[in-house]
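Trainee: Before we start, here is the structure in question, set down as structure tokens.
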Amino acid sequence: MRLLACKIENFGKISDFTYDFSEGLNVINEENGWGKSTFAAFLKVMFYGFESKKEKEALDKERALFQPWQGGVYGGELDFSIGEKRYRILRSFGKTPKTDQFQLFDLDTNLESKDYSEKIGEEIFDLDGASFKRSICMMQNEVLQVSSDGIHAKLGNLVEAAGDMNHFEMAMANLKDSMNKMSPDRITGSIKKRKGEIGRLMEEIKELESAANGFEAYHQKLIQQEHKRKELKAKRSSLQGELEKVIAFERRVAEKDTLSAFKAQEEQRKLELNELSKSFPGEIPSQEVLQQLLEQIQQLEQWKLQLTAQCLSDEEQKAYERLKELGEQSSTIIPEQEGASPNEEIPEEPEFQEKAGVLRLVSVVAGLVVVLLSSVAFLKLSLPTAIGVALLLVVVALVAVLLLRKHFENRKRMLLEETERIRRLRMEEQRLEQEKRLQEARILELQRQLDRQNLSQLEQKVRNYHLAEEMVSNQRQLLEGGLAIYGVSMTENPREELGRLQSLRNRYDTALSMYHTAKGQREQYFVEHPYLEREYSEEEKTFSAEELTEKIRQLDVEIEEVSDSLESYRRQLEDLQEQLDQKDLRMQELEEAKLLQKEEMEKYHIMELTATYLQEAREQVIAKYMEPISKGFRRYYESLVEDEKSQWIVDANMELKVKEQGQYRDPRWLSEGWQDVIGFCMRLALVQAMYPNEKPFLILDDPFVNLDQEKMKHAMELLKDVAIDYQTIYFSCHDSRIPNC
């Protein structure tokens, strides 16, 4: 597998950047701050996307760390080949993983490919993102971190069933956390806590056992006091009976007085009722009759109002008589006025004038000829001269005739046009005159219709007046008859008479109601006290009410004292009973706690065994690939360090220990240069062991920054050797750390 090319749209500080990868070693030598680590992170993110960690600091998040400085599309594309196929990854990133976008294209067909999903890194390398950064991607100052569950799973060819190996650390952490929570030795452990709880419950139960001893003694005292109170209550009940008899006797005496008062009140109300009944001049009308009479008065008043409203005013009376007189006359038909006929005689054409003019002109010419001949004779002109003069006169006469004819033609034309205009004006005048006569006829007809309508309304008002007059008379007669029954005469104001009768009836109704109320009170009181029929004597009183009341009060005091004692005993018994209940509850809690303690102890023991077995199984799996890793590490280590005295081992946790001064020590205690050497060799050994067939590319972000000059020379040679088998993308910021190719 190898990278072909990439284009970074915007990623961190890098923007609009392209790079074509070659086989073998690809060196990116740029100064600090150029963005080499950002470029390396871009290659990793294109395969794995961003990690979804939720650290508190925003800069700890990859998504926030590489947010484009200049804005724009966040992401880019990466071309790579694997086997015989070539692909292009396109990724763009948003503020959250849900807004990220991923596409994969087949570069041979330019069609979208479904060979891999957006988890393409895990599917190609069989590693998660963290394991990728601990093996294939070697970042500066991180080369010493090499172990992860994903790497163990890949080394053991367990990727297809990596659920166990990939989650070993999580499972061990969960087991350890659960064991710590249940630990019998830790203060915060539930088993340790429950042990103390069990001891506390046992102490409480022991203290509550003393409550049972005092419960029976207080119970006997309670029975004695209840018996005493029962005797006192019986005695009090007897005295109460005597008191009730005395009170009943005194009450009966008072009740008889009350009954007598009710009877006297009934007689008084009856007398008042009889006096009011005599005030009526006739029969006593009912409320219904009075209401009917009132309605009749209202109808009479309404008809009077109608009579007033329908009475014709003086102007209406005059208009009524005038319209009635007009209505009796026959309708007059307005004859149409005859106007001038459109064919009225128009002056004839002036042909006669033209003829007359010609005749006059001929007469003039003839006269001239005669004058000329006379002149010839008178003047004695020669004949030729006379003829010439005559011809001249004839020519003049002819010209005059022609001019006169032209004049007559023009005048004739003008006369015809004037005649036509006069004819049209006369026709328009006749049309307007005819339309005027029609409008006058319509106005006259409308006036007649309005007169008929007004006459109809006035006639209806006259009829309504006569009807109202008749109804007033009938209603008045009906009302006089109704009032006469009850001895009331009809006056000008019948409403006042009816009001007086209504007031008298209301007083009568009030008196009648008061009489019935007094009678009902007397009857009801007698029904409620039937024993008032017999008499009672003073001998029935054995004691006075005051004496009996005092005896009962003394008994109440004694009963109250006994009741207080009973209440005190009950409270004490309740407290003791509560303690007994608490004892039962604590015993139940103790049994439950012991049972739960037993279950948790068994569970804790099982988790101890599980952790032991998991660790042993993991060590057995890791032991299978410890040897090839050790060999690979030795090969790369010896090419960098020509020191056969150094001793080191790789343990089952894939952690390397270096022997110094007789002890195997953690490389983190060594110098940074030695840490880089050990970490780099270990990473190469891991990659060689994990990918024996399809070899991946390597990303090296200046892993040799801490090496001395001698080790740097060997490192550059090793880098060239590694690039023979692996496509290597090597980032550096100094020429001294660039191999000579």
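Trainee: What length, rounded to one decimal in nm, is gained on full extension from residue 581 through to residue 445, with 0.36 nm per residue of separation minus their alpha-carbon distance?
Mentor: On the way: separation 136, 0.36 × 136 = 48.96 nm, distance 11.74 nm.
Answer, rounded to one decimal: 37.2 nm.
Trainee: Moving to a separate point now. With θ set to phi - 60° and the Karplus curve 6.51 cos²θ - 1.76 cosθ + 1.60, what are the ³J(HN,Hα) couplings of the range 570-575 in order, to the nearest whole Hz, using x for Gly and Pro?
Mentor: 5, 4, 5, 5, 5, 5
Trainee: Collect residues whose amide H, placed 1.01 Å from N in the peptide plane, falls under 5 Å from the amide H of residue 134; neighbours closer than 5 in sequence don't count.
Mentor: none
Trainee: Sort the following peptides by mean Cβ neighbour count (other Cβ atoms within 10 Å, averaged over residues), highest first: 511-519, 551-559.
Mentor: Going from most to least packed, we get 511-519, 551-559.
Trainee: Is the shape of the range 1-138 rounded, prolate or oblate, going by the alpha carbon gyration tensor and its root eigenvalues a ≥ b ≥ c, with a/c under 1.5 for rounded and a/b larger than b/c for prolate?
Mentor: It comes out rounded by the Cα gyration axes.
Trainee: On to the next question. With respect to the cross-link table entries 133/176; 44/98; 133/695; 85/114; 36/114, which display a Cα-Cα separation exceeding 24 Å?
Mentor: Details: 133/176 27 Å; 44/98 19 Å; 133/695 16 Å; 85/114 13 Å; 36/114 32 Å.
Check vs 24 Å cut-off fails for 133/176; 36/114.
Trainee: Hey, another quick one. Which cross-chain or sequence-distant (5 or more) residues have an amide H under 5 Å from the amide H of residue 67, H modelled 1.01 Å from N in plane?
Mentor: For residue 67, the qualifying residues are 12.
Read-outs throughout are calculated quantities, based only on the coordinates presented, and are distinct from any laboratory measurement. Predicted model only: the values in this text are computed from it and were never measured. Virtual Cβ from ideal backbone geometry, glycine too; neighbours counted across all protein chains shown.
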